[in-house]
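Remarks on the structure that follows.
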Amino acid sequence: MVGIKSYGAHIPRFRLDRNVMQLALLFLGFAPLRGEKAVANWDEDSVTMAVAAAMDCLRGEDCGKVDGLYFATTSPTYSLRQNAGIIAAALDLNTSVRAADFTDSTKSGTAALLAASDAIASGSLESCLVCAADCRVSKVGGNGDYTYGDGAAAFLLGKEDIVARIEGSYSTSHDFVDRRRLEGERLEHMWEERFIRDAGYMKFIPEAVSGLVKKYNLTIKEFSKVIYACAFSSAHSALGKTLGLSPEQVQDPLLGNVGDTGVAHPLMMLVAALEDAKPGDKIMVVSFGQGCDSFYLTVTENIKKMKDKRGVKGNLADKAPLGSYDKYLAFRKQIPAEVGIRGEEMVFTSFSIISRDNREINGMVGAKCKQCGTPSYPVQRICPNPDCGAVDQMEPYRFADKPGTIFTYTSDFLAPCIDPPASYGFIDYEGGGRALVDFTDCDPNTLKVGMPVEMSFRIKYTDEKRAAVNYGWKAVPIIS
Amino acid sequence: MAEGIRDKVAIIGMGCTKFGERFDAGPQDLIVEAFVECLADAGIDKKDIQAAWWGVHMPDISVGRGATTLGLTLKLPFIPITRVENFCATGSEALRGAVYAVASGAYDICLALGMEKLKDTGYGGLPLGGGFGYKMPLINSNLTAPGGFAMMATKYFSKYNLNPQDGKMMLAKVSAKSHKNGALSPKAHLRKEVTVEQIINAPIIAWPLGLFDCCGVSDGAAAAIVCRADMAKKFRPDPVYVKSLQIAVSSGEEMMYTKWDGAHVEAAYRAGIAAYKEAGIKNPREEVSMAEVHDCFSITEAVTMEDLQFSPRGKVKEDIEAGRFNLDGAQPIQPDGGLKCFGHPIGASGLRMMYEMYKQLQGKADKRQLKDPKIGLTHNMGGFPSMNIVSVCIVGK
């Protein structure tokens, strides 16, 4: 039986209070939703958030067995250069992995998960990682501007040691045009909200639920949790009644504290449901896009063994206010921000370097001396230990998953950065090695020598002249 | 058996432009300004120069690469010219080329000239450029010069248990002293005294370094003419002799290995030892009369005092507070204001340091003149505390 072996999630640390948005946007009308939304830092996008969720999911798992990586998003960074390939590189998966992007609809996340499930069931894949992430940008003051949040979920699927069996699915496809964006467009267009609510959510979600229940001869009362991706808060409540669900059966849609995270939305809700699940629980998931995918799972005894996951709960607790709507606009490049004449200079992007040294750059794989055990990053051919100096005695050594502590740091107002000051410093890694890296998601005032950090895959810089978003690993100081 | 260069070469002429934001002057103006003074000071003819070393760190924003700039600008008659570049130690590298060429016996008279035109970029700080190649920005952090040295301040404070207030106070006294000296230097970029309070309260550039912890970003040029020591007195009664000129370059162990404490510059310590050995100096704290060190940032000067063994490790604060390095102290440092106030046109800085030592030894330092200095030292550093080039040059009468 195919099922979920592990799960993970990522919610960006920054939260934007919708009241703060409302103050800035009142001239355009009222906010359609209250509470706060999770917003990606300036150096996050759908790719980096997927990597963060996958790191959470893969913690303690055998990455060497992963032979599939499906990535779903409606906000891909590249439209030519596989985003899943960047994620696979960041995770340092085997190169013998089947990587694919699923895109264009908010139900692509469930499509990726079901495709992975089928590939495993057929024996074509053994262990497939499914990541879903969205970081969508909408017109200022529009519905999406308020309702959308940024986030990601990841699942490792396989046949053994599963925590939830995937029992069956039912899908529908309607060329229903609620939201659309043409190739090359950055901002999306949305049709009337009442139309989306009445002719979309209220119609297709019940259709998908009843289709699944009928197909597998189930009753709605059997489910401990029903997850349905409806981004309108009041319609979400109304749907609970329409579907005949008790309030306990309805999985919290995360709209008031995270927002509508697009392809990731139903899957982040699934992560949250699994965090509270007991063996034997049945969980139904319904996505919404141009039609719906519905499927259901049965939780196994292994769920008790799941630990060390940050998941949705851990990510919800780890937050900091962004404070200003203007900053959000600058982060998402909705308004041109002054980064100084100095900041206009950009280092040339060489794709032969990025390709040749891909494991080193995107996977943060350094070298470890087989003679004296000294790890080094960047990769060295001659051991930097002055008492060793061995030549070509190196083996690959991954730094990205190693915890570290701050050796020294600064917060720099001269370094061009959309969110000055740019904080960076030397990290001493557990197990050895020292590297000079950027810090992110941090409050410069809380930095201290000796502070623990973990590494996070982020955008290093965007090179618009050469159509490049360049990634690398940064240190996130751990508060608490 | 190598015998070194001690007392084999003398400096017989020097020139230095007014440093500053020379929006009035292009590279040609700066080069000629320094050269004309230098040639007149040496009292020789242009045709007496047999070879030249030309230092510019960022030629891509000013004059382009290669040695032709110097030949074409000064109309030097088809002599050998070498362009050298070694980060912020470029000026000393030019001098090293000329000094070692004379010491080798290959030439009698050589020229070293360094110039930098930084203020055509349109912004403060140094150009980002591709100084570390295309790959470094993908692997390592965002990094600026103040940030790179600020990390040493962070680590110094941490290692020696200085709280940020006390640490910043120590550094402020370093800068206040240099501003006092800079105000007495007619050719300096920044000629205003500032108080310790002003320094402490200035905007932060890279924590914990504030505006007054950082040196000026300047345009300028400086030049030296050197000759065989045995012929120096033919040109002038008061030549300055080169006792040693040593350089040390990082091996990578500071940046990539975990032994380095982050609170000192290993290459400076090593270059100092090598230079003292060659010059026959046993006790640098007592024997070195004065020094111009690479105070690109206040923390650099403080740590350099320890690296050069002027102060014991971790104890420079006591010497700073006692006024040891002031113009009227026991061991004056930066009598001309240093990089901090005289300014830092990169390719020229090493030669500018020597210009002050040369003038002091000749008794021509005007209001800054020290009482009978015997031994002068220049310390010129390029790169960051974690990876760098340091040259130490010792001169005397």
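The values are calculated or read from the model by the stated rules, or taken from the named source; none is laboratory data. Just so it is clear, the structure is predicted and the values come from calculations on it, not from any experiment. Here Cβ is always computed from backbone atoms with ideal geometry, including for glycine, and neighbour counts include all displayed protein chains. To get the accessible areas, we keep the full protein, side chains included, count just its heavy atoms, and leave off ligands, DNA and RNA. Shrake-Rupley method; radii C 1.70, N 1.55, O 1.52, S 1.80 Å.
Numerical summary
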quantity	calculated
Dipole of region A:62-203, positive end: most advanced residue of A:199, A:79, A:174 [Cβ charges, Cα centre]	A:199
Total charge dipole magnitude, region A:3-331, about the Cα centre, Cβ charges on Lys, Arg, Asp, Glu only, Debye to nearest 20	580
With Cα atoms, 0 to 90° folded angle of helix A:46-58 axis to chain A main axis	90
Rounded D (µm²/s) - the protein assembly as shown, Kirkwood Rh over Cα pairs, Stokes-Einstein at 25 °C, 0.890 mPa s	82
Sum of side-chain charges, residue A:342 neighbourhood, beta-carbon under 15 Å (Lys, Arg +1; Asp, Glu -1)	-4
Peptide B:208-218, shielding by other chains (average Cβ, 10 Å cutoff)	1
For residue A:290, distant residues with modelled amide H under 5 Å away	A:106, A:107
Nearest 10 degrees, 0 to 90: helix B:90-103 Cα axis against chain B principal axis	40
Coil-residue chymotrypsin sites (Phe, Trp or Tyr not before Pro) of region B:49-117, DSSP, other Cβ within 10 Å capped at 10	B:78
Rounded to the nearest 20 debye, dipole of the protein assembly as shown from Cβ charges on Lys, Arg, Asp, Glu	840
Gain in span if fully extended, residue A:355 to residue A:466, counting 0.36 nm per residue against the direct Cα distance	38.4 nm
Environment charge of residue B:339, counting only residues whose C-beta is closer than 11 Å and scoring Lys/Arg +1, Asp/Glu -1	-2
Relative packing of peptides B:140-147, B:254-261 - highest average C-beta neighbours within 10 Å first	B:140-147, B:254-261
Neighbour cut-off at most 10 other Cβ (10 Å), DSSP loop, GluC sites (Glu not before Pro), region A:293-399	A:338
Gyration tensor over alpha-carbon atoms, region A:3-331, equivalent ellipsoid semi-axes in Å	28, 24, 19
Cα point-scatterer Debye curve for chain B, base-10 log of I(q)/I(0) at q = 0.12 Å⁻¹	-0.86
Which of B:207, A:191 is most accessible, then next, and so on - probe 1.4 Å	A:191, B:207
Filtered GluC sites (Glu not before Pro), region A:369-476: DSSP coil and at most 15 other beta carbons within 10 Å	A:430
Solvent-accessible area per residue for region A:193-347 (1.4 angstrom probe, square angstrom)	42
A:122, B:391, reordered so the largest accessible area comes first (probe 1.4 Å)	A:122, B:391
Most mobile listed residue (B:208, B:335, B:312) in chain B, GNM with C-alpha springs under 10 Å	B:312
Taking all pairs of distinct alpha-carbon atoms in region A:402-477, Kirkwood radius in angstrom	12.9
For region B:1-94, average projected area of the Cα convex hull in nm²	7.6
Interface B:A - total buried accessible surface [probe 1.4 Å, Å², rounded to 100]	4000
Shielding by other protein chains, A:403-410, mean Cβ within 10 Å	6
Region A:211-368, dipole about Cα centre (Lys/Arg Cβ +1, Asp/Glu Cβ -1), debye to the nearest 20	480
Region A:1-152 - percent relative contact order, Cα under 8 Å, separation 6 or more	32
Theoretical gain in end-to-end length, residue B:367 to residue B:78 [0.36 nm per residue, Cα-Cα removed]	99.9 nm
Cα-based Lys proximity count in region A:294-354, under 19 Å, for pairs eight or more positions apart or on separate chains	4
Computed [θ] at 222 nm, helices only, for the protein assembly as shown once each DSSP H run of length n ≥ 4 contributes -39500 (n - 2.57)	-8500 deg cm²/dmol
Reach of residue A:370 by Cα under 27 Å, taken over lysines that are not fewer than 8 positions away in the same chain	A:65, A:402, A:474, B:135, B:259
Positive-end residue of B:235, B:214, B:55, charge dipole of chain B with Cβ unit charges	B:235
28 Å Cα-Cα threshold exceeded, pairs from B:315/B:364; A:221/A:278; B:119/B:192; A:460/B:168	B:315/B:364; A:460/B:168
Computed over chain A: relative contact order in percent, which uses C-alpha pairs under 8 Å that are six or more apart	17
Relative contact order for chain B, counting Cα pairs under 8 Å that sit 6 or more residues apart, in percent	26
Within chain B, percent of DSSP bridges classed antiparallel, to nearest 5	75
Spatially proximal aspartates and glutamates relative to residue B:340 (Cα-Cα < 15 Å; intrachain offsets below 8 disregarded)	B:21, B:193, B:213, B:219, B:292, B:295, B:301, B:356
Hypothetical label at residue B:47: residues of region B:66-86 whose amide nitrogen lies under 14 Å (7 Å Cα-Cβ projection)	B:76-79
Per-residue mean of C-beta atoms belonging to partner chains within 10 Å, peptide B:252-263	6
Karplus-derived 3J(HN,Hα), 6.51/-1.76/1.60, for each residue of region B:311-320, Hz, glycine and proline x	10, x, 3, x, 10, 4, 3, 5, 5, 5
